[in-house]
Amino acid sequence: MSRPEASKPDADKPETSTTAMDTSAMDTLGHPRESEDHAESLVQHATDNQVAHITLNRPETLNALTPDQRERVIQLLGDASADPAVRAVVLTGTGRGFCAGADLRGASAAPRVAGDVARTLRLGAQRLIAAVLDCEKPVIAAVNGTAAGLGAHLAFACDLVLAARSARFIEVFVRRGLVPDGGGAYLLPRLVGPQRAKELMFFGDALTAPDAEGLGLVNRVVPDEELDRTAGEWAARLAAGPTRALALTKQLVNASLDTDRATAFAAEAAAQEINMASADAQEGVRSFVGRRSPEFKGC
């Protein structure tokens, strides 16, 4: 792995402020509310050929997430889980950024009460990462540019990560004197081991897409102009697969590092028992016996 880029002034990070606002326009966590239509325009959503596309659309801020945008992404991931017409999800951004983390501009300047920060994280960033990890459909991150802080963790929580060659990943928290949040200290050690995770988090240096691929944080790096096409091809393959088997496989793998062997084996056996009752599993057996390609329906 080549040496990560040294910390620089955050040209890729939108400026933040804590200007006080009318509290009638605040949500329960002290953040400004956006209209529903405005939030929908800033997080675009479309379903095509059984693939849900979720696109962060605030390119002027490198797609820094407001609380309302975050809630919309959580809702869309939950909807994808429950919708049998959706069999895969692609998450990406517009412009030069995938996601520059949480947008702190406009946060309330009111004095904090003990427990406010922990509560905000539990109800905010941690719910977002959990929504990706718990989504019952495979989620592909198509990282089109800078992924910083919570934005990097949003990508790492996805099941598969494709990155444009120009993309960068930054554990920006240390530059602000902050502890990594949004599940970073949970995700990174599981992906790269504790020593590499500490290096990334202690220094906060920008990691290039090829270096991220070398560490195992990214599945594949592609030329910028091929990112959308490659993400579409991968999503199409997943959408044509046995959806319930993929969901159960995701659950097993995500839980594997938190369980002992006996528990993991029991979970595997239970998952196979559940899956064998699915139409796709029966189709898989029939296609094997008939020496033909299976035609999975996602049920």
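For the reader, a short list of remarks on this structure follows.
- Residue that is farthest from ALA163 (Cα to Cα), among those in region 241-281 that are out of contact with any Cys (no Cβ under 7 Å at 6 or more places or on another chain), among the polar types (S, T, N, Q) and free of Cβ contacts under 8 Å to residues at least 40 places away in the same chain: THR263
- Residue in region 99-118 that is over 13 Å from the mean Cα position of the chain (by Cα), closer than 22 Å to TRP234 by Cβ and modelled with pLDDT of 95 or more present: no
- Residue satisfying condition, being of a type in the set (S, T, N, Q) and modelled with pLDDT of 95 or more, within set THR28, THR61, THR16: THR61
- Selection within region 231-240 - in contact (Cβ under 8 Å) with a residue 12 or more places away in the chain and open to solvent by 10 Å² or more (accessible area, probe 1.4 Å): GLY232, TRP234, ALA236, LEU238, ALA240
- Residue count for region 240-252, restricted to those that are aliphatic (A, V, I, L, M), part of a helix (DSSP H, G or I) and within 22 Å of GLN50 (Cβ to Cβ): 4
- Inclusion of GLU273 among residues that are open to solvent by 70 Å² or more (accessible area, probe 1.4 Å) and either more than 14 Å from PHE156 (Cα to Cα) or assigned to a loop (DSSP other than H, G, I, E, B) (or both) is warranted.
- Residue in region 225-234 that is of a type outside the set (Ser, Thr, Tyr), over 30 Å from ALA267 (Cβ atoms) and either assigned to a strand (DSSP E or B) or touching a Phe, Trp or Tyr at 6+ places or on another chain (Cβ under 7 Å) (or both) present: no
- Condition broken by SER166, with the remaining ones in (1) in contact with an Asp or Glu (Cβ under 7 Å, 6 or more places away or on another chain); (2) under 23 Å from VAL132 (Cα atoms) satisfied: (2)
The values are calculated or read from the model by the stated rules, or taken from the named source; none is laboratory data. Since the structure is predicted, the reported quantities are computational estimates derived from the model, not experimental observations. Cβ coordinates were reconstructed from backbone atoms using ideal geometry, including for glycine residues, and neighbour counts include every protein chain displayed. Each accessible area value is taken on the protein alone, full model and side chains, heavy atoms only, with ligands, DNA and RNA left out. Shrake-Rupley method; radii C 1.70, N 1.55, O 1.52, S 1.80 Å.
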